[in-house]
Amino acid sequence: MNYSVEQIGDDTLALGGSIDFSTAPSALADVSARLASGHITVLDLAGVESANSAGLGLLIEWKRLALMQGNELRITNMPEKLSRLADICQVTDQLSQSPKS
């Protein structure tokens, strides 16, 4: 399965499909490049049909990239299975943290 990414409005990226080990390299490059603009502040996961630990790792990396730029990246509509994985890995707080002022 493939992943998709679409910019919605000025500040939102909508991800869809599968975010896993096979799609992670492409998704990392694609979303990271879009985050580099500094305009993206929301990552909407409503269209994500499946994800595994590689997808969770990408979310952590994208949050880190946004924080390095002084931006907050809000992750919305996280699939239940991915949310449970974040809880098990004890990274839920890291995914919801805001930049320090």
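The values are calculated or read from the model by the stated rules, or taken from the named source; none is laboratory data. Not measured: the values here are computed from a predicted model. Cβ: placed from backbone, ideal geometry, glycine included. Neighbour counts: every protein chain shown.
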Query raised in the report: Here are some residues: Gln94, Gln90. Which one is within 27 Å of Asp10 (Cβ to Cβ) and polar (S, T, N, Q)?
Result: Gln94
Report task. Go through region 74-94 residue by residue and tally those that are touching a strand residue (DSSP E or B) at 6+ places or on another chain (Cβ under 6 Å) and on the phi < 0 side of the Ramachandran plot. Result -> 6
Query raised in the report: Looking at Ala51, Ala66, Ala29, Ala46, which is the one that is buried (at least 16 other Cβ atoms within 10 Å of the Cβ), hydrophobic (A, V, I, L, M, F, W, C) and modelled with pLDDT of 95 or more?
Result: Ala51
Query - Those residues of region 6-26 which are among the small types (Gly, Ala, Ser) and either part of a strand (DSSP E or B) or modelled with pLDDT of 95 or more (or both), in sequence order - result: Ala14, Gly16, Gly17, Ser18, Ser22, Ala24, Ser26
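The rows are residues; the columns are (1) over 18 Å from Thr92 (Cα atoms); (2) among the aliphatic types (A, V, I, L, M); (3) touching a residue at least 12 places away in the same chain (Cβ under 8 Å).
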| site | (1), (2), (3) |
| --- | --- |
| Asn2 | yes, no, yes |
| Gly9 | yes, no, no |
| Ala33 | yes, yes, no |
| Ser37 | yes, no, no |
| Ser53 | no, no, yes |
| Ile60 | no, yes, yes |
Requested in this report: Could you please give the count of residues in region 52-101 that are more than 24 Å from Tyr3 (Cα to Cα) and outside any helix (DSSP H, G or I)?
Outcome: 9
